[in-house]
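Accompanying notes for the structure given below.
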Amino acid sequence: MDYTDKVMENFQNPKHVGELSDANGVGQVGSPACGDIMKIFLKIDDDGIIQDASFKTFGCGAAIASSSMATDMIIGMNIEEAAKLKNSEVVEALGGLPNEKIHCSVLAAEAIQAAIDDYKKGATA
Amino acid sequence: MKRIYLDHAATTPIDPQVYEVMTKILAEEYGNPSSIYSEGRSVKKYVETAREQIAKAINADIREIYFTGSGSEADNWAIKGIAMKNRAKGKHIITTQIEHHAILHTCEYLEKDGFEVTYLPVDEFGLISLDDLKAAIRKDTILVSIMFANNEIGTIEPIKEIGEIVKEKGVIFHTDAVQAFGNVPIDVKDLNVDLLSISAHKIYGPKGMGALFIRKGVLIDNLIHGGAQERKKRAGTENTAGIAAFGKAAELAVINLEENSKHLQTLRDMLIEGVMAKIPQVRLNGHPTKRLPGNVSFCFDYIEGESILLSLDLAGIAASSGSACTSGSLDPSHVLLAIGLPAGVAHGSLRLTIGKHTSQEDIEYVIEQLVVIIERLRKMSPIDVNCPIDDAVFEDAGHHH
């Protein structure tokens, strides 16, 4: 598997691993059959700004690196901006992903959207 | 960093004695063995010596050994050649669900051409049932192809018993012995095998060399058409250096078989026991005793195989996995699914295959590293004993299919 240095760096020393105990938005996407499950935790303040983010991922090197990069990218964003994060932006930040691993970056973007949806459900409830 | 190579089922490093033979032919023997002049006759001797070495290694006659370009070619030839030769007699073939893709994809190809294939299931250890086999043989069955030993989980099939059943029914029996050759004793006379595939690079020989044993009297169509090489059965100017090297590798494999397999088995059992004792939630795939001496196959719950491989690689260890992420497809290994593992568990597989140069220190280091790697990856995983994989919630997974 040809991974970029950036991917390997994020796989070896991933940022934001684990659960946020005070998360108010949690999203999980993926499928065990396909070998990827991604769970994203968000701490969103009253102004809709993502104060902190973390992840837990079952998956390959690309899935773990995508989780690390994506969580790092959205910290400090407001949720409208973060919901629009494109998987291609994650891929670009990682210096590229092999073709068959692009879906890992899609999963990261979807997990963030799911976590934001979860927050919105809670916020309006 | 010191590298520890534990993927001998994928390929093996070339033996120095094999290298010596191979480079000598490359450097000094450029003749074509089909030529009648001195250069041709000279190199032909090496080809025939190799044929003798390989025949001896499996107790065959020298006229029963045909060189091919790979183990896959030998498998393709055996299946397609027997199928085409016997298609007027019948169009039914029996094989197993856990064969190498060289067999499975060849059978699928024949299915498109009107052949019918029965894929025998296996039990949790990867063994076929002899009763299933007996029940599957029909009047129009022309070929049974069952692998000697499985490449992923190392399970050794009851080849002698299979050979007896198949012979009694008058059906042709092929076995893919690519993984078994050089690791377990093989005697084609004792086993009642009609065709047997082997490969050089799994026994410390060069890549791009295989051979098919075809029992005398077994009629088969050619796969490669052209010149009169290999007793008019396999065209193409001989890979003289590769053939000579294969012969040497086979000779060495047989001379050292007992000693090597004992060495492999000791280290194999040490690795299995060490990992099972130090890491929770792990299962051994394959049969506990009826397995190749150098094969270890685990599934670690809650984590995925490719991330284990990458972590091992960073620690200097080369291994392999049946995870989808390492195969370029979305499906985990067909072998792990056939022994009944759920897809989610099969993704966490790790295969370590030991070789003759592996040491006890290597195994100790691997166990030590695995403990750290598995724990680290599990900490990162959203699934654990309290949230098992099958209960996990999945949204938006549709893009995968």
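The values are calculated or read from the model by the stated rules, or taken from the named source; none is laboratory data. Worth saying up front: this structure is predicted, and the values here are computed from it rather than measured. Note: ideal-geometry Cβ built from the backbone for every residue, glycine included; neighbour counts use all protein chains shown. Keep in mind that these areas ignore ligands, DNA and RNA; they rest on the heavy atoms of the full protein, side chains included. Shrake-Rupley method; radii C 1.70, N 1.55, O 1.52, S 1.80 Å.
Say whether the condition of being in contact with a Gly (Cβ under 7 Å, 6 or more places away or on another chain), at negative phi, in a strand (DSSP E or B) and polar (S, T, N, Q) is met by at least one residue in the stretch B:311-328.
Checked the stretch B:311-328: no residue is in contact with a Gly (Cβ under 7 Å, 6 or more places away or on another chain), at negative phi, in a strand (DSSP E or B) and polar (S, T, N, Q).
Condition first: within 26 Å of the chain's Cα centre (by Cα) and either surrounded by fewer than 24 Cβ atoms within 10 Å (Cβ to Cβ) or of a type outside the set (A, V, I, L, M) (or both). Can you find one or more residues in the stretch B:367-385 that meet it?
Within the stretch B:367-385 (the criterion being within 26 Å of the chain's Cα centre (by Cα) and either surrounded by fewer than 24 Cβ atoms within 10 Å (Cβ to Cβ) or of a type outside the set (A, V, I, L, M) (or both)), the answer is yes, since at least one residue qualifies.
Looking at (1) without any contact (Cβ under 8 Å) to a residue 24 or more places away in the chain; (2) open to solvent by less than 50 Å² (accessible area, probe 1.4 Å), which is the one condition that is false for B:Ala250?
(1)
Residues of the stretch B:284-316 being without any contact (Cβ under 8 Å) to a residue 40 or more places away in the chain and more than 30 Å from A:Val7 (Cα to Cα), which ones?
B:Leu284, B:Thr289
Considering only residues that are touching a residue at least 40 places away in the same chain (Cβ under 8 Å) and within 7 Å of chain B (Cβ to nearest Cβ), look in the stretch A:35-59 and name the one that is farthest from A:Ala109 (Cα to Cα).
Ranking the qualifying residues of the stretch A:35-59, first place goes to A:Gly59.
Filter the stretch A:70-125 for residues that are of a type in the set (S, T, N, Q), open to solvent by less than 30 Å² (accessible area, probe 1.4 Å) and modelled with pLDDT of 95 or more and give the result.
A:Thr71 - this is the single residue of the stretch A:70-125 that is of a type in the set (S, T, N, Q), open to solvent by less than 30 Å² (accessible area, probe 1.4 Å) and modelled with pLDDT of 95 or more.
Checking the condition in contact with an Asp or Glu (Cβ under 9 Å, 6 or more places away or on another chain), among the charged types (D, E, K, R) and on the phi < 0 side of the Ramachandran plot, which residue from B:Arg268, B:Arg291, B:Arg283 passes?
B:Arg283
For the list (1) more than 7 Å from chain B (Cβ to nearest Cβ); (2) surrounded by 24 or more Cβ atoms within 10 Å (Cβ to Cβ); (3) part of a strand (DSSP E or B), I need the number of the one condition that A:Ala65 fails.
(3)
Okay, residues lined up against (1) modelled with pLDDT under 95; (2) open to solvent by 10 Å² or more (accessible area, probe 1.4 Å):
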site: B:Val282; (1), (2): no, yes
site: B:Gly286; (1), (2): no, no
site: B:Lys290; (1), (2): no, yes
site: B:Pro293; (1), (2): no, no
site: B:Ser297; (1), (2): no, no
site: B:Gly316; (1), (2): no, no
site: B:Ser321; (1), (2): yes, yes
site: B:Ala324; (1), (2): yes, no
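Quick test for you: out of B:Leu341, B:Leu310, pick the one residue that is at the interface with chain A (Cβ under 8 Å from one of its Cβ atoms), open to solvent by 10 Å² or more (accessible area, probe 1.4 Å) and over 18 Å from the mean Cα position of the chain (by Cα).
After applying the criteria, what remains is B:Leu310.
Residues of the stretch B:224-273 being more than 30 Å from B:Lys44 (Cα to Cα) and of a type in the set (Gly, Ala, Ser), which ones?
B:Ser261, the sole residue that qualifies.
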